[in-house]
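Here's the structure we're looking at; comments come further down.
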Amino acid sequence: MVERLNHLIESQQLDKELLESLFAEADFFKSNPKSDLLKGKVIATLFYEQSTRTRLSFESAALRLGASVIGTENAKEFSSVAKGESLEDTIRVISGYADCIVLRHFEEGAAKRAAVVSRVPIINAGDGKGQHPTQALLDIYTIEKELGRVNGLNIACVGDLASGRTVRSLCYLLGKFGGMSVTFVSPPNLRIGDDIKDYLTRHGVKFKEETDLNHILPETDVVYLTRIQKERISAADYEKAHGLYVINQENFGLVRPDARIMHPLPHVDEISLPFETEQKDKRIAYFRQVDNGLYIRMALLSHMLK
């Protein structure tokens, strides 16, 4: 019997048994996208930072499961935080209105703080440079659906690895599978943190660091691109990294026919491919990745609330 999560704050909470259960339920919801499983439940989406995919997919997931949705897409401005209210007080209030709170915040550790005072489950939808566990969930699910396995793969994580919470969260899940190797491709000033390297070492995941994207493309099963996060780094760091790693028509041919290109989106200028290629080439997986986010979030809400 899979133990139910009280809160989802970080990827480390997700063991292989729970992942398999969530994947099976996501598969079910792909074929059965309408349900009254959570009829009568209220989901609050409390977003202090901008979001398109995460917020709307959670809201769509809740509605498809029969729940109601309340919340705000800009809590930093359109809530009592603008009057000086603390996060803790806001959570104490909203947990009296809803059965679950999906929280995105600009401060690392905010979701953990919220979970301490909340009377209902907290789902971390991204906290600063910290983690984004539901993105990691849909990423691993996508890898399994696209390649038929997660074990024994070579994953390249590319871009702003110092600020990227999606890569951090994904690495914590990769450590739960066997035979994995990770290549971190970034400029020297935006390398992955030592805490992630230490985690991978402890869990038997081989990794290396590179600065040349084209060099590693032919040996990679999954190219996980990320944007350079202008809002989280200095102007000098942004200028050094901006436009440095791009998948375009010139190097797309280096990607193996059986490999996949993924991206948590939004992408800015790190992908420059024709619309027809994005629509028809099976190596382009990032829009299917987005679609998977709906079903994996339906599975997660079902797991935590049914």
TODO: Quote to one decimal, in nm, the extra length available between His203 and Arg53 on full extension: 0.36 nm per residue of separation minus the C-alpha distance between them.
DONE: 50.9 nm
Task: Per-peptide average of other Cβ atoms within 10 Å, ordering 215-227, 121-133, 263-275 highest first - done: 121-133, 215-227, 263-275
Task: Estimated [θ] at 222 nm from DSSP helical runs (n ≥ 4, -39500 (n - 2.57)) normalised by residues in the chain, nearest 500 - done: -11000 deg cm²/dmol
Task: Among 197-205, 35-43, the order from most to least packed when residues are scored by Cβ within 10 Å on average - done: 35-43, 197-205
TODO: Rounded to whole Å and sorted largest first, list the principal axis extents of the Cα atoms in the chain.
DONE: 54, 44, 42
TODO: Using every pair of alpha-carbon atoms in region 33-128, split the distances into 5 Å bins beginning at 0 and state the percent of pairs per bin, rounded to integers.
DONE: 3, 14, 25, 27, 18, 8, 3, 1, 0
TODO: Determine the relative contact order of the chain: mean sequence separation of Cα pairs under 8 Å and six or more apart, normalised by residue count, in whole percent.
DONE: 20 percent
Open item on the list: Please compare each pair in Lys208/Lys282; Lys16/Lys206; Lys145/Lys197; Lys112/Lys306 to a cut-off of 21 Å on the Cα-Cα distance and tell me which ones are over it.
Closed with: Lys208/Lys282; Lys145/Lys197; Lys112/Lys306
- [ ] Report, by chain and number, residues whose modeled amide H sits under 5 Å from the one on Val69, excluding near sequence neighbours (fewer than 5 apart, same chain).
- [x] Ile43
TODO: Sticking with the crude label model, points 7 Å out along Cα→Cβ, report the distance from Ser60 to Asn32 in nm, one decimal please.
DONE: 2.1 nm
- [ ] Quick one: grab the alpha carbon gyration tensor of region 82-126, order the square roots of its eigenvalues as a ≥ b ≥ c, and give me rounded if a/c is under 1.5, else prolate or oblate depending on whether a/b is larger than b/c.
- [x] oblate
Open item on the list: If I model a spin label at Val93 and Asp15 as a point 7 Å from the Cα along the Cα→Cβ vector, what separation in nanometres do I get?
Closed with: 3.9 nm
Task: region 33-128 - percent relative contact order, Cα under 8 Å, separation 6 or more - done: 30 percent
- [ ] Using only the Cα atoms of region 97-168, build the gyration tensor, take square roots of its eigenvalues as a ≥ b ≥ c, and label the shape rounded, prolate or oblate: rounded if a/c is under 1.5, else prolate if a/b is larger than b/c, else oblate.
- [x] oblate
Task: Added length on full extension, which subtracts the Cα-Cα distance from 0.36 nm per residue, Glu276 to Asn248 - done: 8.8 nm
TODO: Report the FRET efficiency, 1/(1 + (r/R0)^6), for Arg119 and Met1, where r is their Cβ-Cβ distance and R0 is 22 Å, rounded to 0.05.
DONE: 0.35
- [ ] Place the peptides 284-293, 3-12 in order of packing, highest mean first, counting for every residue the other Cβ atoms within 10 Å and averaging per peptide.
- [x] 284-293, 3-12
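Every number here is computed from the coordinates shown, using simple stated rules; none is lab data. These numbers were taken from a predicted model, which means no experiment stands behind them. We place every Cβ from the backbone using ideal geometry, glycine too, and count neighbours over all the protein chains shown.
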